[in-house]
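Data block below; observations after.
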Amino acid sequence: MDLKLFNTMGRELQTFKPVQPNKVGIYACGPTVYNNAHVGNLRTFIMVDILRRVMELAGYEVKLVMNITDVGHLSSDADDGEDKMEASAREKKMTVWDIAEYYTKAFFDDTSSLNIIKPSVTCKATDHIDSMINLVKRLEEKGFTYEAGGNVYFDISKFPDYGKLAKLNLDDLQAGSRIVVDKYKKNPHDFVLWFTQSKYENHAMLWDSPWGKGYPGWHIECSAMSMEYLGDTFDIHCGGIDLIPVHHTNEIAQSEAATGVKWVNYWVHGEFLVTPKGKMSKSTGDFMTIKGLIEQGFDPLDYRYFCLTGHYSSQLQFSLDAMESAQNARKSLMQKIQTMREKTGGFPQGFNGDLSAHYNSFVENAMNNLNMPRCLGDMWNLIRDDSISDEEKLYTIKKMDAVFGLSLDKEPVKLDLDGEIQKLVDDRTTARKNKDWARADEIRDKLLDMGIVLEDTPQGVRWKKK
Ligand code: AMP
Ligand code: ZN
């Protein structure tokens, strides 16, 4: 069966064809380790994880490379502002190296709580400074760079395809939507490959280079490391959509200028997790972390389930109510699985015969641009289908979970369901007393979804299972 991906380059659904038979090389832009990731960042890494799992379902051997940005990412994705790592180190009174170590560990703690499989290669920018310098040298030899004000810049006028991924109209953008334009740039879209003139005193991370002591621009690390581990041309590059106009655009320019060949065949971008204030981000102050979710009584896998309910290419609205629905759905799923396990004696090792149409539909949906909401629908249809045996259901669920990554074969935590129902019934009584009919109806509907019906009796409200 063909696997189709929406390629940002060209903006169309395309059938995936690997560079090497049966293998796939994926590069994902990783975290900047200056702070805890918020769940918006993590949505993108869940998308990357789903992509790698679907590739495995399709029979590919996956090599996933992800970088850790521990130098050079300024507070704007272009060259304005301060280095995020340096600013965080000053604020927290730690060294940049300690900041990097601390938040790298925090990132992997978060991703492992979300069942995100570790990449095949995780590479730190600061371990690859030589590769970056060599790449800048190649660009210099080919005439794509200039030095000004102490920095080395990429000259976009030398690369005619500049902006093809983002479909940038360079004439419109010539004046720049950004107000502050570095006076040394010949074109506002030129970007720094190597800084020697730090705008800030006491910059801690500095290396020798042919252009003087300094540090790399942010974009060069991804070009240098992806080509080191995956070759000059590889299959898939992914990240969040905010990376398209600057970071990925610049990565393409410098990689293809250096090698003269096409760098990446498929670009897969994840849409944002949003709040009422827009894109979830640290700067609005409206963000949530995994630790925050746990404090609110959620399991990180409730968040993973929530992410699966939205297609990666659409925005997903984050709220605690939405998290609660995901939590209830996952609890109910785990309970249904538990009941089947108790009846049958557990997950079967194998299954004789063809699997149901629900599994075929699941595979088709996964292969069709990673349509996880539909795949979840297939699993629920399977569970509700009375014509299928519990053994077959359990066997199929385990196969599906290789993609979902929800640990569906783990024992569910013992749930205090009666207590939870009674609390909802009490909340509804209070809502009715306060004449908050909308809230009372909402709770009744929620209980109905849980299979609970209410009876008004002279002694008060009673509940029973449908
Ligand atoms: P950073 O650590 O800032 O470099 O970001 C890591 C990843 O998170 C990047 O791929 C971003 O595109 C992505 N990202 C940032 N904010 C969001 C959001 N609200 N929703 C989804 N992805 C995001
Ligand atoms: Zn990158």
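The values are calculated or read from the model by the stated rules, or taken from the named source; none is laboratory data. These numbers come from a predicted model, not from an experiment. Backbone-built Cβ (ideal geometry, glycine too); neighbour counts: all protein chains shown. Side chains included, ligands, DNA and RNA excluded: accessible areas come from the protein's heavy atoms. Shrake-Rupley method; radii C 1.70, N 1.55, O 1.52, S 1.80 Å.
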| request: Given a cut-off of 28 Å, name the pairs among Lys84/Lys142; Lys118/Lys282; Lys410/Lys465; Lys291/Lys433; Lys23/Lys291; Lys4/Lys343 whose C-alpha atoms lie farther apart than that in the structure shown. | output: Lys84/Lys142; Lys291/Lys433; Lys23/Lys291; Lys4/Lys343
| query | For the stretch 290-404, what is the charge dipole size about the Cα centre, in debye to the nearest 20, if Lys and Arg each add +1 at the Cβ and Asp and Glu each add -1 at the Cβ? | reply | 180 debye
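So in the chain, what percent of DSSP beta bridges are antiparallel if you round to the nearest 5?
Details: 23 of 46 bridges.
Here the share of antiparallel DSSP bridges comes out near 50 percent.
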| said: Using the Cα centre of the chain as origin and beta-carbon charges of +1 (Lys, Arg) and -1 (Asp, Glu), tell me which of Phe234, Phe318, Ile68 is placed farthest towards the positive end of the dipole. | reply: Phe318
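If you stretched the chain out fully between Tyr184 and Ile117, how much longer would it get, using 0.36 nm times the residue separation minus the C-alpha to C-alpha distance? Write out the running numbers ahead of the final one.
Values: separation 67, 0.36 × 67 = 24.12 nm, distance 4.32 nm.
19.8 nm is the gain from fully extending Tyr184 to Ile117.
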| What part of the accessible area of the stretch 290-404, given as a whole %, is carbon or sulfur when the probe is 1.4 angstrom? | 43 percent
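Let me make sure I get this right: for the chain, a, b and c are the square roots of the gyration tensor eigenvalues over alpha carbons, sorted descending. Under 1.5 in a/c it's rounded, otherwise prolate if a/b > b/c, else oblate. Which is it?
Numbers: a/c = 2.46, a/b = 1.75, b/c = 1.41.
It comes out prolate by the Cα gyration axes.
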| query | Working out 0.36 nm times the residue gap between Lys277 and Lys213, then minus their Cα-Cα distance, what length gain in nm do you get to one decimal? | reply | 18.9 nm
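Counting Lys and Arg as +1 and Asp and Glu as -1, what is the net charge of the other residues whose Cβ lies under 15 Å from the Cβ of Ser356? Intermediate results must be reported in sequence, preceding the final value.
On the way: positive: Arg384, Lys393, Lys398, Lys399; negative: Asp354, Glu364, Asp378, Asp385, Asp386, Asp390, Glu391, Glu392.
Residues close to Ser356 contribute a combined charge of -4.
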| task | Evaluate E = 1/(1 + (r/R0)^6) for Gln422 and Lys291, where r is the Cβ-Cβ distance and R0 equals 35 Å; express this FRET efficiency to the nearest 0.05. | result | 0.75
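Kindly identify the stretch 4-270 as rounded, prolate or oblate by the Cα gyration tensor criterion: order the square roots of the eigenvalues as a ≥ b ≥ c, call it rounded if a/c is under 1.5, otherwise compare a/b with b/c, prolate if a/b is larger, else oblate. Mind dumping the intermediate values first?
Numbers: a/c = 1.67, a/b = 1.18, b/c = 1.41.
Verdict is oblate for the stretch 4-270.
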| query | What is the helix-to-structure angle for 417-433, meaning the angle in degrees between its Cα long axis and the longest Cα principal axis of the chain, kept from 0 to 90 and rounded to the nearest 10? | reply | 90 degrees
| Could you state the number of Å between the C-alpha centres of the stretch 318-365 and the stretch 16-47? | 26 Å
| task | Under 1.5 on a/c is rounded, so check that first for the stretch 419-465, then, if it is not, pick prolate when a/b is larger than b/c and oblate when it is not; a ≥ b ≥ c are the square roots of the alpha carbon gyration tensor eigenvalues. | result | oblate
| Which of the aspartates and glutamates could a cross-linker span from Lys279 if the Cα-Cα distance has to be under 15 Å and same-chain partners fewer than 8 positions apart are dropped? | Asp242, Glu271
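Out of all DSSP beta bridges in the stretch 4-270, what portion is antiparallel? Express it as a percent rounded to 5.
Rounded to the nearest five, the antiparallel share is 45 percent.
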| query | At Asn434 and Gln349, where each label point lies 7 Å from the Cα along Cα→Cβ, what is the point-to-point distance in nanometres? | reply | 5.7 nm
| field | Angle in degrees between helix 357-367 and the longest Cα principal axis of the chain, rounded to the nearest 10 | value | 20 degrees
| Dipole magnitude of the stretch 419-465, debye to nearest 20 (Cβ charges: Lys/Arg +1, Asp/Glu -1, about Cα centre) | 140 debye
| Hey, what angle do you get for helix 96-113 against the long axis of the chain, alpha-carbon based, 0 to 90 degrees rounded to 10? | 30 degrees
| Around Thr69, with a cut-off of 10 angstrom between Cβ atoms, what is the net charge of the other residues, counting Lys and Arg +1 and Asp and Glu -1? | 0
| Assigned charges on the beta-carbon of Lys, Arg, Asp, Glu; the chain dipole about Cα centre (debye) | 740 debye
| remark: Charge dipole of the stretch 4-270 built from unit charges on the beta carbon (Lys, Arg +1; Asp, Glu -1), centred at mean Cα; most positive-end Cα among Ala148, Asn22, Leu165 is Asn22
